[in-house]
Each structure stands twice: as structure tokens, then as C-alpha cells.
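Participant: Pasting in a structure now, in C-alpha cells, and then I'll have a few things to ask.
Taken together, the values in this text are just the output of simple stated rules run on the coordinates, not laboratory data. Here the structure is a predicted model, which is why all the values come from computation and not from measurement. Virtual Cβ from ideal backbone geometry, glycine too; neighbours counted across all protein chains shown.
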Amino acid sequence: MAATQSGAMPLSDENARRQLRRAVIASTIGTTIEWYDFFLYSTVTGLVFAKLYFPQSAPLVGTLQAFLIYAVGFIARPVGAAIFGHYGDRIGRKATLIVTLLLMGVATFAVAFVPTYSQIGIWGAVLLTVLRFIQGVGVGGEWGGSVLMSMEWGSHQRPSRLRRLLAAVRGAGGTVPGQLGGAGCE
């Protein structure tokens, strides 16, 4: 018997491997999607947000202001880790993983509809900051929860292999989509 679920009967080795595979795949997909959102946001921040949300500022100052909003997402990550770490322990990692993915997805979708400075003034930047904070909370909760979920289902005999894999997957959000996007270029 390999792994057990709390309060459940022990799983066979085959079922434990199947559950581990599902946990790692779900974690990988979630992490890739969320880090791709972060990668995409950083690209857009450097290219267009200064012009859209800070047109009254000098180009350098506007770019720095746009990247300050980008930094809010990183500041919010520990908040998300604390919130969803607590609820992951209480209601389960799978449920919190789904919530963090939805949180990140809805906030990312909403960024596309934030009015610019010319439409609502500084409130566009304020809305962007709030959505960026929500994205950061989602990523902070997702990363810790997905790693813990995978580690809980992982092999206790060889945990270092799984840890290496999970550490490598984190960067896939920026590299895999970048490679796919560049695949059609000649």
C-alpha cells in the first residue's frame, strides 16, 4: 500500500500512481496558466500600459508607474499563500486550487475591460491595481497549494525527484507559451 487519503482506505500502488499523476498534471497545468498570465502581463506592462494609464507622465515615469502596478501582484502573493494555505488545510487543496485558478482567470479577463486614462482618468489605474492584487493573491495561493497537493500524493521513497520536477515546472508559464508563439515565426 503506497499512499492514503485521510479517513479513507489505503490505496493500491496503481491507484496511488494514478492519483499522483493526476495531481502533478493538474498542478502543472494550473501553474503554467497562471505564470503565463504573469508573463503576458509583464510584456504588456512594458509596451502599452504607460501610454494607456499614465499619458500625463514622462515616458520613463509612466513606465515606472506601470511597473509599480505590476509589482503589486508580487506583493500580494504571500497574502494569497496565507489565505489559501489556511483554507487548503481546512477544506482541501483541490477545492482551493480551483478557486485560485478561477480568481486568476477572472481577474485576468477583467483586465482586458479596464477603461483607460482617457475614459475614466486615474480610476483606470486604480482598477488595474486592484485586479493585479487579485491576480497576485490567486498565484500565491495556487503555487503553494499545487506543490503541496503534488507532494502529498508523491512517493515518500524518492521525494527529491518530484521536488525537482515541480521546481522546473514553475518556469513553464513563460517558456512554453513563448516557444509555441515563436514556433510559427521564420
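Participant: Between beta-carbons, use under 9 Å as the cut-off and find the net charge around Gln135, counting Lys and Arg +1, Asp and Glu -1. Walk me through the numbers on the way to the answer.
Facilitator: Numbers: positive: Arg132; negative: Glu34, Asp37.
Around Gln135, the charge tally is -1.
Participant: Placing +1 on the Cβ of each Lys and Arg and -1 on the Cβ of each Asp and Glu in region 1-136, which of Val48, Gln19, Phe113 has its Cα farthest towards the positive end of the resulting dipole?
Facilitator: Towards the positive end, the residue furthest out is Gln19.
Participant: Given the peptides 113-123, 76-86, 60-70, arrange them by the average over their residues of other C-beta atoms within 10 Å, most packed first.
Facilitator: 76-86, 60-70, 113-123
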